[in-house]
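Written below as structure tokens is the structure these notes are about.
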Amino acid sequence: MGYNLSIGQITEDQHGMRIECPHCQQKAAITGHNKLSPAVKDVYASCTNADCGWRGVITVSHKHDIQPPKAQLHSMMAEWLGALPAADRSAVLRQAGVGS
Ligand SMILES: [Zn+2]
């Protein structure tokens, strides 16, 4: 899943995704979240550095597909194949090794 942070910073370590305070770069703890849509979430974060004390909201949103879900691939293929003339459809299926 491609996720994009509009505010704050995210890094990867051996524990996976980590949110950093955008001010002191220390680890920020996630204190809550608010789902705005299936692809956009507001994440409430709080800096763990007591000397900093930052609290803020980070937006996590879907950016683009690296691979569409299988169901979508199937319907796209069916749509494309359906739009082809029968002869071309057979040629494509033969090329894919699935036709007669
Ligand atoms: Zn901080």
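Read-outs throughout are calculated quantities, based only on the coordinates presented, and are distinct from any laboratory measurement. Note that the structure is a prediction, hence the values are computed from the model and not measured. All Cβ positions, glycine included, derive from the backbone under ideal geometry; neighbour counts span all protein chains shown.
Assorted remarks:
- Checking each residue in the range 78-94 for being surrounded by fewer than 11 Cβ atoms within 10 Å (Cβ to Cβ) and part of a helix (DSSP H, G or I) picks out Ala78, Glu79, Gly82, Ala83, Ala86, Ala87.
- Residue count for the range 34-89, restricted to those that are of a type in the set (Gly, Ala, Ser), within 16 Å of the ligand (Cβ to nearest atom), touching a residue at least 24 places away in the same chain (Cβ under 8 Å) and touching a Lys or Arg at 6+ places or on another chain (Cβ under 8 Å): 1.
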